[in-house]
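Okay, so here's the structure we're looking at.
The values are calculated or read from the model by the stated rules, or taken from the named source; none is laboratory data. Not measured: the values here are computed from a predicted model. In this analysis, Cβ positions are derived from the backbone assuming ideal geometry, glycine residues included, and neighbour counts consider all displayed protein chains. Ligands, DNA and RNA are stripped out before the accessible areas are found, and what is left, the full protein with its side chains, is counted by its heavy atoms. Shrake-Rupley method; radii C 1.70, N 1.55, O 1.52, S 1.80 Å.
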Amino acid sequence: MTTTTQTALSVENKQASPDPGRIMELGLAFWGSKTLLSAVELGVFTELAAGPCNREQLAARLALHPRSARDFLDALVALGMLDRNDDVYANTAESDLFLDRFKPSYVGGMLEMANARLYPFWGWLTDGLKTGEPQNEARTGGDFFAALYADPERLGQFLHAMTGLSAGAAIAIADKFPFERYQSVLDLGCAEGGLIVQLAQTHEHLRATGFDLPAVRDPFERYVRSFGLQERIAFTAGDFFNDPLPCADVVTLGHVLHDWGLEQKKQLLANVYQALPAGGAVIVFESIIDDDRRQNVFGLLMSLNMLIETPGGFDYTGADCRRWMHETGFTETYVEDLTGPDSMVVGIK
């Protein structure tokens, strides 16, 4: 064997050597996650939105202990959530836009809910994998959604979380779907109305209706009024499984379909089909799993989150959703990427 060949094999073997680094990084990923969640809870990014600040001043404003402040703030730098110049910290472009509570682009509502609820519940994932049962308040006989809708403060936090979760997708849908062909939109499970506010701002001819349970009316109408859109956006209270749906040219379901089991998913799509006029469209959007179920990590983990949170909910592929739509009667369907892990599945009646 020549020296050249020996060197090539040596390099190849070195490149092929197993490395535990990725395993350890993934296994301890909750360290970084909880660091970010605590930063959102403490208001780090909102505080820095006013301008850069040195460590001593920032620690005082956030009431951080001297032992923790340096490592905590520098960890946020290393995680790409903050910038630092010498001893002065500042938001990154992304954290300033998306994690300042006073900006309309704030997505931290979802992170606030993750910190307050989901983080501890995921500690019971193994039990959920073995039993197939929810691992949230249901473990102690509670009903999350019943308790949620009975508590205005918790409901407000949840609805704000849904606005944050859908913010990027809403912008993309407003840009990518041909709303110029349609006059009206109905958003089922509308939460605060983040999607239809974005649609109404982008397409001035559109009129929209949000449909959700009665307890959502007040936060929905407050949110819509804050944008001055109350003349074009209305609210209808109801149960989308049992009550008639208002008429509209386009019906949207954002981060809704994955809450339910298969038969309920199909029933909901059937209810939408019946409510639409000929030529009308349904837009289903959430973290649609890639058809090969290998790429969209967020979508697959979201499906495990549905295991934690619901009796029968699960996420699904674009092919799954298109098949359900065709079974319901929709004649034309397609999948289109939006932003991040989210995609939309469109069906035309």
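Sort through F211, F240, F158, F220 and tell me the only one that's under 25 Å from I288 (Cα atoms), assigned to a helix (DSSP H, G or I) and of a type in the set (F, W, Y).
None of the other options fit; the residue is F158.
Can you tell me which of (1) open to solvent by 50 Å² or more (accessible area, probe 1.4 Å); (2) in contact (Cβ under 8 Å) with a residue 40 or more places away in the chain is the one R222 doesn't meet?
Evaluating R222 over (1) open to solvent by 50 Å² or more (accessible area, probe 1.4 Å); (2) in contact (Cβ under 8 Å) with a residue 40 or more places away in the chain leaves (2) as the failure.
Test L276 against the stated conditions and say whether it is over 24 Å from A167 (Cα atoms) and in contact with a Lys or Arg (Cβ under 6 Å, 6 or more places away or on another chain).
When the stated conditions are applied, L276 passes them.
Tell me the helices (runs of 4 or more DSSP H) entirely within region 86-141 that contain at least 1 residues that are within 29 Å of R55 (Cβ to Cβ).
Details: elements: 93-98, 108-113, 125-131.
Hits in region 86-141: 93-98, 108-113.
When region 81-97 is examined, which residues are found to be open to solvent by less than 40 Å² (accessible area, probe 1.4 Å) and either touching a Ser or Thr at 6+ places or on another chain (Cβ under 7 Å) or in contact (Cβ under 8 Å) with a residue 60 or more places away in the chain (or both)? Even if it seems obvious, please write down each step before you answer.
Of the residues in region 81-97, the ones open to solvent by less than 40 Å² (accessible area, probe 1.4 Å) are 82, 89-92, 95.
Selection gives L82 alone.
Might you let me know whether region 31-39 holds any residue that is open to solvent by 60 Å² or more (accessible area, probe 1.4 Å), over 28 Å from G194 (Cα atoms) and modelled with pLDDT of 95 or more?
Of all residues in region 31-39, those open to solvent by 60 Å² or more (accessible area, probe 1.4 Å) come to 31.
Checking which are over 28 Å from G194 (Cα atoms) leaves us with 31.
Narrowing the set further to residues that are modelled with pLDDT of 95 or more leaves 31.
Checked region 31-39: at least one residue is open to solvent by 60 Å² or more (accessible area, probe 1.4 Å), over 28 Å from G194 (Cα atoms) and modelled with pLDDT of 95 or more.
What is the number of the single condition among (1) within 18 Å of G32 (Cβ to Cβ); (2) open to solvent by less than 30 Å² (accessible area, probe 1.4 Å); (3) basic (K, R) that R117 does not meet?
(1)
Looking at the structure I just gave you, is A270 buried (at least 18 other Cβ atoms within 10 Å of the Cβ) and farther than 30 Å from G142 by Cα?
It is false that A270 is buried (at least 18 other Cβ atoms within 10 Å of the Cβ) and farther than 30 Å from G142 by Cα.
Identify the residue in region 143-160 that is in contact with an Asp or Glu (Cβ under 8 Å, 6 or more places away or on another chain) and without any contact (Cβ under 8 Å) to a residue 60 or more places away in the chain and, among all such residues, is nearest to L213 (Cα to Cα).
Looking at residues that are in contact with an Asp or Glu (Cβ under 8 Å, 6 or more places away or on another chain) and without any contact (Cβ under 8 Å) to a residue 60 or more places away in the chain, I get A147.
Can you find a residue in region 314-327 that is in a helix (DSSP H, G or I), crowded, with 19+ Cβ neighbours inside 10 Å, basic (K, R) and without any contact (Cβ under 8 Å) to a residue 40 or more places away in the chain?
So the first thing to find is which residues in region 314-327 are in a helix (DSSP H, G or I), and the list is 318-327.
Keeping just the survivors that are crowded, with 19+ Cβ neighbours inside 10 Å gives 318, 321-322, 324-325.
Right, trim to basic (K, R) and you get 322.
Pick out the ones that are also without any contact (Cβ under 8 Å) to a residue 40 or more places away in the chain and you get 322.
Yes, some residue in region 314-327 is in a helix (DSSP H, G or I), crowded, with 19+ Cβ neighbours inside 10 Å, basic (K, R) and without any contact (Cβ under 8 Å) to a residue 40 or more places away in the chain.
Which residues, counting only those in region 42-68, are among the basic types (K, R) and either surrounded by fewer than 17 Cβ atoms within 10 Å (Cβ to Cβ) or in a loop (DSSP other than H, G, I, E, B) (or both)? Let's see the steps before the verdict.
Kept after step one, since they are among the basic types (K, R), are these residues of region 42-68: 55, 61, 67.
R61, R67, listed by residue number.
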